[in-house]
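Shown next, in structure tokens, is the structure this report addresses.
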């Protein structure tokens, strides 16, 4: 029955002419755009139901590596309860941060970019294009005023459906610049605040790992920096070739970029090759290892006689990426790399301590078991998370002669990122461990989710 039903649409599609197929594809796309527009509207209405006083404080984004917080939407938009995004994200099967962005974009469009908002709901502009504009106007530094956002809206709305994504990005940046110039003090420095939208970035697409163990990097640099980088990569590639490398130019340039990240390991290799430095790491006069990066790689292994034999593939903790044994061996063989082999931790063993503080051995056990934050759909690496007592530790138990209800033991500990640790502590979200590494979460609206090493699964729907 299932196979017959699955084959039916394909059979019907085979009967369509080329023109009919194109019409069907266009119709399906229009349905998709309409659904995305409705989702934006519903996200804004969800925000309306959750003003700051309804749960906790106003929602904001925290940028990794920064101490400041960024607004969920621009000035003039209503504030939103901090933790309402978690429930929305869980229902949609996306992370809390992605849900915050959805809410922020919906509010930015509805309140500060009303023309775009209207075009989205009229089916003129796809929601994803409007959201890309909202992402820029929200995070422009310094913040765009309501008037500036309205100017951008007026300039962009009519063209948003007619130009490509790159052109749209440029149009938004140009609109912001033109508003700045029109509103500028004629006595001020014309270059002061000339371009609020800074297009420079370096993005490592670490979640999209090629089977060969490579990832894609995308960057936009200052012109002078790009020339310097190109020259450095060309020099690094030439050095590798001079030392006997038979790899392609592209591969040597890629390796040269990695060498730059490790403070010019290629230069160190050149010294080794020419004899200007000693070849033994132990004889190098106390010089530190050239490669100063900590990588956690996990491979299954077994004994063959007295030799440990590892499988060909494993897993990198950072980003949960595929790791190839040959690649790791090449890293370890490269220029004074220090390799530390840690003992295997039995994740089925139950560890405990009478104290509240989690010792390193138990922390490492929980990190390796959970891998990421254990909240629904969250992917933050466990090594960057807090270790939470699922049942809170009773700090007065010993003094009052009571048994400890929230012991510090692996069966009562889980990895939670700071956002979801605060969510669990300050809201009615609750979770329990069903078995080691398997958790069940219940939301304030009674939605339930199962989280294990394979990901998140909805358990059931809440009662009506």
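Some notes on this structure:
- With R₀ set to 22 Å, the beta-carbon distance separating residue 310 from residue 217 gives a calculated FRET efficiency near 0.20.
- Projecting label points 7 angstrom from Cα along Cα→Cβ for residue 325 and residue 17 puts them 5.9 nm apart.
- Over the stretch 352-460 - Rg/Rh using Cα atoms and the Kirkwood inverse-distance radius: 0.97
- Here each label is just a point 7 Å from Cα along the line to Cβ, and for residue 296 and residue 204 those points are 1.6 nm apart.
- Residue 118/residue 386 FRET efficiency (R0 45 Å; Cβ-Cβ; nearest 0.05): 0.55
- The slack in the chain from residue 135 to residue 91, taken as 0.36 nm per residue of separation less the alpha-carbon distance, amounts to 13.6 nm.
- With R₀ fixed at 45 Å, the C-beta to C-beta distance from residue 242 to residue 159 puts the FRET efficiency at about 0.30.
- Exposure proxy ranking, count of Cβ atoms within 10 Å, fewest first, for 175, 98: 98, 175
- Inter-probe distance in nm under a simple model that places probes 7 Å from Cα toward Cβ, at residue 98 and residue 167: 3.0
- Net length gained if the chain between residue 26 and residue 352 were fully extended (0.36 nm per residue, minus Cα distance): 111.4 nm
- The stretch 340-415: relative contact order in percent, alpha carbon pairs under 8 Å with at least 6 residues between: 37
- Entry note, the stretch 352-460: relative contact order of 25 percent, from Cα contacts under 8 Å with a spacing of 6+ residues.
- Computed extension length for residue 34-residue 399: 125.3 nm, one decimal, from 0.36 nm per residue of separation with the Cα-Cα distance subtracted.
Bear in mind these aren't lab numbers, they're just calculated from the coordinates by the rules spelled out. The structure presented is a predicted model; accordingly, all values stated were derived computationally and were not measured. Counting neighbours? That spans all protein chains shown, and the Cβs are built from the backbone with ideal geometry, glycine included.
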